[in-house]
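Data block below; observations after.
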Amino acid sequence: MEIKNAIDEYILQFPEDIQEILNTIRKEIKEIAPNADEKISYGMPTFVLERNLVHFAAYKNHIGFYPTPNGIERFKEELSEYKTSKGAIQFPIEKPIPYELISKIVKFRVAENKEKAEVKRRKN
């Protein structure tokens with residue numbers, strides 16, 4: 001199975017309104033990280049750029065977004081109205097999804113992954 005189709009299949013299992021949200025998140029990530037690979041990891045759509053970049057998933061009442069603990073810590077003030085844990089953010093489905101904030105977090109994660117990869121290359 002082609003990897004892209006796995007994410008397409010994941011998204012297609014949800015109602016149209018949720019598909020629209022998931023496709024918009026996917027599009028935002030692809031615009032910021034066009035060279036990132038897409039795959040399903042931990043049962044969720046995942047983007048990889050050098051290492052895991054972000055995961056996202058749909059649940060009954062929220063969209064889960066997983067930008068690593070650093071991605072949450074860096075934006076904790078802007079995320080204060082959302083339920084967060086060490087590595088996860090819950091965006092309630094009944095509220096507008098903050099796509100602009102998601103984009104900012106993805107940009108941060110892209111820069112972070114590129115920097116870590118560069119440090120690793122210099123060490124080797």
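Against the list (1) in contact with a helix residue (DSSP H, G or I) (Cβ under 7 Å, 6 or more places away or on another chain); (2) without any contact (Cβ under 8 Å) to a residue 40 or more places away in the chain; (3) part of a helix (DSSP H, G or I); (4) not aromatic (F, W, Y), the condition I105 fails is (2).
If you go through the range 94-118 and keep only what is modelled with pLDDT of 95 or more and more than 16 Å from the chain's Cα centre (by Cα), you end up with E94, K95, P96. Restricting attention to the range 52-70, the residues that are free of Cβ contacts under 8 Å to residues at least 40 places away in the same chain and in a loop (DSSP other than H, G, I, E, B) add up to 3. When E73 is tested against (1) in a strand (DSSP E or B); (2) within 16 Å of Q90 (Cα to Cα), just one condition goes unmet, and that condition is (1). Is there a residue being within 17 Å of Q19 (Cα to Cα), surrounded by fewer than 19 Cβ atoms within 10 Å (Cβ to Cβ) and either of a type in the set (S, T, N, Q) or in contact with a strand residue (DSSP E or B) (Cβ under 6 Å, 6 or more places away or on another chain) (or both) anywhere in the range 99-108? The answer is no; no qualifying residue exists. Scoring E78 on the criteria (1) under 15 Å from the mean Cα position of the chain (by Cα); (2) surrounded by 12 or more Cβ atoms within 10 Å (Cβ to Cβ); (3) not aliphatic (A, V, I, L, M) leaves a single failure, condition (1). N70 meets the stated requirement of being under 14 Å from the mean Cα position of the chain (by Cα), of a type in the set (S, T, N, Q) and over 29 Å from N5 (Cβ atoms).
So, I11, is that one surrounded by 13 or more Cβ atoms within 10 Å (Cβ to Cβ) and either under 29 Å from A117 (Cα atoms) or touching a strand residue (DSSP E or B) at 6+ places or on another chain (Cβ under 6 Å) (or both) or not? Criteria not met by I11. Against the test of being closer than 18 Å to E112 by Cβ, part of a helix (DSSP H, G or I), modelled with pLDDT of 95 or more and not polar (S, T, N, Q), the options I18, I29 yield a single qualifying residue, I29.
The values are calculated or read from the model by the stated rules, or taken from the named source; none is laboratory data. These numbers were taken from a predicted model, which means no experiment stands behind them. A quick note on method: Cβ atoms are made from the backbone with ideal geometry, for glycine too, and the neighbour counts reach across all protein chains shown.
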